[in-house]
Structure formats: structure tokens, C-alpha cells
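Structure first, then comments.
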Amino acid sequence: MTSTKLTAATLGSTQIQRANSLAEDVYEAIFNRLMSLNIPPGARITVDNLVKEFNVSHTPIREALGRLEGEGLVVKQHLVGYRAAPQITRRRFDELYQLRLLLEPDGAAKAATAMDDEKLAILQEAAGVMAKRDGQDERVHYATFARQDAIFHDRIMELAGNELIREILSFQHAHFHIFRLMFHWRVTEEALDEHQALLDAFAAGDAVAAARAMQLHIEHSRDRLLPAFE
Ligand SMILES: [Zn+2]
């Protein structure tokens, strides 16, 4: 991978890992801060401050904030400006997990039934990115993990074959909201073992084991994050 002309210096303390467009880099930098609670839920986000901090024009900042708004991570208020989206409520949290438990274990079973070497390789690759640290700082790693987890689960639903169900889950941006509840190593480390159990079931083409592994993964994820509401 070639390095961009953007360096850590031009984007504040944020390390840029990939060769991206300026807009993409700015988006990633703000995304990382939101996911790792460096910008806490509900906090005001001032375009002018970001312009100064990243030493870029207003355009990529506004573009990034618009994209984050679409992902439910940022809210724009008339005459007030941007804020980090508030934390999801306990009720919403329960609803999200109920939705996931209804749809994802069944999706995993269908994906297992449809599995072949090529599809398995795609899922293994998606899961593999999460295991890599690549010397990333904790904040970047956490945000990367959140995004990859969303991609991994979306790939499974894609293989399950019901596009409407996939869209319903994807539209919730559940992974972004869930990961933003708590910035903690357990959220990432324990999920890796659970993903491996899923991959093993997929490799065996075992629908029952895949459904069970997905159910356990979602239940454990819920239990890991519940303390955020205490
Ligand atoms: Zn997961």
C-alpha cells in the first residue's frame, strides 16, 4: 500500500492507515473518534474546529459529517449545527438485540446451507481483518473492528439470500451504536472466538451449529455491553 500525502500531522493525532481520498480520510478520522467515544455521545461537533484541527477546507468536513449523519452517528440540528448522536436507550438496545436474535441465527443457518469454498473464503477474510492489530492504536483498532464486524455480519446475511432482511438489519447500523456504548477490549477480543465458532460451523456446512453459534455470539455480545447501562 502506498502512503498518501496526508500524514498524521495533517489529521491531528489520528494515524491514517490507508491510501484514501481526502474526504475518505477525514471521514475515517471522525468515525474513529465517534466509535471510541473520543467524541462522546451528544457532544457538539464544530465544523470550524475540525477545519483547524485537520487543516483542510470545509468541504471534506461537511461531506464526512453528512455521511456520518446517514449512518446515524451524527445529528444535524437546524441553526445549531452538528452533534454526536446520543447514546441509544436501554429500550432501543433490547429491541436491537431482539431483532438480531430473530433474524441472524436463521440467516447463519441459511448461509451455512449455501456455503462453498469461495463464500467461506470471503467470510474468513472478513473475520481475519478483525483479528489483525497491525500496530494500530487502540482507538483506530476499535473503530476498525466495529466496521468489520458490521461487514462480517452483513456478508452472512447476503449469503442467507433474503435481501429485504439484510436491508432491515443493515439500516439499523446496529454495530455502530452497539460498539459506541463502551470502549473496552472485551468487546473485541471475546467476539473473535465467537466468530471462529461461526466459521467452523460454516466450514462444516452445519446449519444447526451455525444458527447456535450466531445465537450465542449475539447473546454474549448483549451481555458484554449491558454494563454500559448500569
Ligand atoms: Zn460479530
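Rg (Å, one decimal) plus Dmax (Å, integer) for the alpha carbons of the range 57-170?
Gyration radius and largest Cα-Cα distance of the range 57-170: 17.2, 53 Å.
Measuring with a 1.4 Å probe in the full set of protein chains, what accessible area per residue, in whole Å², belongs to the chain?
Using a 1.4 Å probe on heavy atoms only, each residue of the chain averages 50 Å².
So between Ala121 and Ile168, what do we pick up on full extension, going 0.36 nm a residue minus the alpha carbon distance?
Fully extending the segment from Ala121 to Ile168 adds 14.4 nm.
Which values, in whole Å and largest first, are the semi-axes of the equivalent ellipsoid of the range 138-230 obtained as the square root of 5 times each eigenvalue of the Cα gyration tensor?
Largest first, the range 138-230 gives 22, 16, 12 Å.
I'd like the projected area of the range 38-90, averaged over all directions, using the convex hull of its alpha carbons. Report it in nm² with one decimal.
The orientation-averaged projected area of the Cα hull of the range 38-90 comes to 4.0 nm².
Got the relative contact order for the chain handy, in percent, Cα pairs under 8 Å and 6 or more residues apart?
The value is 23 percent.
What does the helix-only formula give at 222 nm for the chain: each DSSP H stretch with n ≥ 4 adding -39500 (n - 2.57), the total divided by the residues, and the result rounded to the nearest 500 deg cm²/dmol?
Roughly -21500 deg cm²/dmol at 222 nm, from the helical runs in the chain.
Would you work out which of Leu159, Ala210, Tyr27 lies farthest towards the positive end of the dipole of the chain? Charges go on Cβ: Lys and Arg +1, Asp and Glu -1.
Farthest towards the positive end: Tyr27.
Could you work out the Kirkwood radius for the chain, taking every pair of different alpha carbons, averaging 1/r and inverting it, reported in Å?
18.6
For the pair Glu53/Glu69, report the inter-label distance in nm, with labels modelled 7 Å from Cα in the Cβ direction.
Distance between the two pseudo-spin positions: 1.9 nm.
In whole angstrom, note down how far apart the Cα centers of the range 20-37 and the range 55-94 are.
Value for the Cα centre distance between the two parts: 12 Å.
I'd like the carbon and sulfur percentage of the solvent accessible area for the chain, probe radius 1.4 Å, heavy atoms only, ligands and nucleic acids excluded.
53
The values are calculated or read from the model by the stated rules, or taken from the named source; none is laboratory data. On a predicted model such as this, the values are computed, not experimentally measured, just so you know. With ideal geometry, Cβ positions are generated from the backbone for all residues, glycine too; neighbour counts draw on all protein chains shown. Heads up: the accessible areas ignore ligands, DNA and RNA and are worked out on the full protein's heavy atoms, side chains in. Shrake-Rupley method; radii C 1.70, N 1.55, O 1.52, S 1.80 Å.
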